[in-house]
Amino acid sequence: MIPPTPGSSFWRPPAPTPRPPVPSLLRLMWRREKDLLSLLPDLAYREMVTPLGYTRRGILLVNDPVWVSRILTDHDTFPKNDLFVEALEDLVGNSMFVTSGDTWRRQRKMVDPAFSHMRINRAFDFMAAAVDDYEQRLAEQAAAAETFSLDAAMSHLTADVITRTIFSVPLAGQTSHDVFEDFMRFERQVGSIDLKRLLWDKPWSPHQQPEPVRQACARIRLHLGTMLDARLQHPEYDDIAGAILEARDADTGKPFDREGLIDQLGVFFLAGHETTASSLTWAFFILSQRPEVVTRIREEVEAVVGNGPVLLEHTKRLPYVRNFFREVLRLYPPITFLPRVAGRDTEIAGRRVKRGTMLMIAPWSMHRHEKLWDQPDRFDPDRFLPERESRQVPGSYLPFGSGPRICVGAAFATIETALIIARLARRFDFDALEPATVRPYARLTTRPAVEIMMKVRRR
């Protein structure tokens, strides 16, 4: 066992208390919630490969890093799960976020040039401009002692960053505001689980999302189309939208049609802001509860940056800020589950796996697994110090996924979050109004069950 860091205390951030399988299911049914975190039994944090109850389709939870790597690498045998695809196809259509096999490979080649616009030297100015505007808003909220939703604030900030990166314009005006609001409605509803479908329905059974979700998706796609039309008036812009407009199929030479363009732009918008917003929500909640962490961040920022602006070069020289956020990602991975499905009869860790079995790869349980981490429930940014990180089990940490479909925006998100944490933590104190009521909930991302209400004070 790795000894605790001298002078640190054990603190367990909000998380469900694991229980045996039957009580876990009964608790979920009693609360009438649709939160898969509460359904995970205690075995999920002790076993490397274990079935999750007895369902018609079969569910196998895989925590073994070796098998996780194999499953996430072989997406011909283990494509994305049909329930996951159904949850997103109304929003992102037949985009690379939900496709598999040759279709995915073809689309990925077409949009690869767009990923270059997420490189930090291109995007940092967009990030900094968005944080400039948000700092001004926070200063006004501090002066007015205004109460605000931390979840909504982080979602709006990261949506502003990605809107500037995609379209070269800030998140302003009614169209952009409507896109943001509908994304919030979509995220809150689409990530919920249907116990009947999970327990009784056959794999690949046809199903439609609830009408409110479909309506929100239709409005988002309409707004993205409006923003795309506005962008077409500025061919001089050098951004993600421009790269996707120029994309051509290697075999046919054809571009994306209009619906295909909206599909891919929806992917960038969803992946580029929702996951980061989730992580930043947890980061600033933790900062509101751990003043000693705030002190260390401020001391590091002052030593590296001084009183001047936080530049790109500074964000790469803030190791404690980086380790703090890596620990946030460990405890609250933005994508709670990476569901796959067995596309054919196969074998995993000596177990026979039938075609249609749901394979649940859960960064949530892997990051809290007692065989993979020392004191896994303990908040401890120093576990990522080089001398301690070298003892970690390889492949046990995957906040951005793994394999060919690993998140290509990982570097973008790392710099974006370092900038936001460094700038906001050095100027403001965050105070959560009801911290004892905060608990995580598995929606599309790992979100608080109820919005965290905050007040902020200038230092």
Output the residue which, of all residues in segment 34-64 that are of a type in the set (Val, Ile, Thr) and farther than 25 Å from Arg447 by Cα, is modelled with the lowest pLDDT. Thr55
Residue pairs meeting the criteria (Cβ under 9 Å; at least 6 apart or on separate chains; first over 27 Å from Val450 (Cβ atoms), in segment 121-148; second of a type in the set (Asp, Glu) and open to solvent by 20 Å² or more (accessible area, probe 1.4 Å)): Arg122/Asp238
Among the residues of segment 102-112, is there at least one that is within 30 Å of Val450 (Cβ to Cβ) and in contact (Cβ under 8 Å) with a residue 40 or more places away in the chain? no
Which one of these is at pLDDT 85 or above and in a helix (DSSP H, G or I): Trp67, Trp11, Trp30? Trp67
Any idea which of (1) farther than 21 Å from Pro79 by Cα; (2) crowded, with 17+ Cβ neighbours inside 10 Å is the one Val353 doesn't satisfy? (1)
Would it be correct to say that Lys316 is among the charged types (D, E, K, R) and either under 23 Å from the mean Cα position of the chain (by Cα) or crowded, with 18+ Cβ neighbours inside 10 Å (or both)? yes
Would you pick out the residues in segment 200-250 that are more than 26 Å from the chain's Cα centre (by Cα) and either open to solvent by less than 10 Å² (accessible area, probe 1.4 Å) or basic (Lys, Arg) (or both)? Lys202, Arg231, Ala247, Arg248
Confirm whether Asp74 is at pLDDT 85 or above, surrounded by fewer than 22 Cβ atoms within 10 Å (Cβ to Cβ) and either over 17 Å from Met358 (Cα atoms) or polar (S, T, N, Q) (or both). no
Checking the condition touching a helix residue (DSSP H, G or I) at 6+ places or on another chain (Cβ under 7 Å), in contact (Cβ under 8 Å) with a residue 40 or more places away in the chain, closer than 23 Å to Met118 by Cβ and open to solvent by less than 10 Å² (accessible area, probe 1.4 Å), which residue from Val293, Val301, Val321, Val341 passes? Val321
What is the residue count in segment 404-418 for residues that are within 24 Å of Trp373 (Cα to Cα), assigned to a loop (DSSP other than H, G, I, E, B) and either acidic (Asp, Glu) or open to solvent by less than 50 Å² (accessible area, probe 1.4 Å) (or both)? 0
Test Pro212 against the criterion of being part of a helix (DSSP H, G or I), free of Cβ contacts under 8 Å to residues at least 40 places away in the same chain, within 28 Å of Arg188 (Cβ to Cβ) and not β-branched (Val, Ile, Thr), and give yes or no. yes
Exactly one condition in (1) open to solvent by less than 20 Å² (accessible area, probe 1.4 Å); (2) among the aliphatic types (A, V, I, L, M); (3) out of contact with any helix residue (DSSP H, G or I) (no Cβ under 6 Å at 6 or more places or on another chain); (4) within 19 Å of Cys217 (Cβ to Cβ) is false for Val85; which is it? (1)
Exactly one of (1) acidic (Asp, Glu); (2) assigned to a loop (DSSP other than H, G, I, E, B); (3) under 30 Å from Asp251 (Cβ atoms) is unmet by Asp90. Its number? (2)
Answer residue from segment 99-145, given it is small (Gly, Ala, Ser) and within 30 Å of Gly343 (Cα to Cα) and is surrounded by the most Cβ atoms within 10 Å (Cβ to Cβ) among those: Ser100
Being over 23 Å from the mean Cα position of the chain (by Cα) and either closer than 19 Å to Ala362 by Cβ or hydroxyl-bearing (Ser, Thr, Tyr) (or both): is that true of Val49 here? yes
On the given criteria, is Gly401 modelled with pLDDT under 95, part of a loop (DSSP other than H, G, I, E, B), open to solvent by 30 Å² or more (accessible area, probe 1.4 Å) and on the phi > 0 side of the Ramachandran plot? no
Name the residue, out of Ala218, Ala247, that is at pLDDT 85 or above and farther than 30 Å from Phe78 by Cβ. Ala218
Exactly one condition in (1) under 30 Å from Ser205 (Cα atoms); (2) of a type in the set (Asp, Glu); (3) open to solvent by less than 10 Å² (accessible area, probe 1.4 Å) is not met by Glu327; state its number. (1)
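The values are calculated or read from the model by the stated rules, or taken from the named source; none is laboratory data. All figures in this text were calculated on a predicted structure; none of them were measured in a lab. Cβ coordinates were reconstructed from backbone atoms using ideal geometry, including for glycine residues, and neighbour counts include every protein chain displayed. These accessible areas exclude ligands, DNA and RNA; they are computed on the full protein's heavy atoms, side chains included. Shrake-Rupley method; radii C 1.70, N 1.55, O 1.52, S 1.80 Å.
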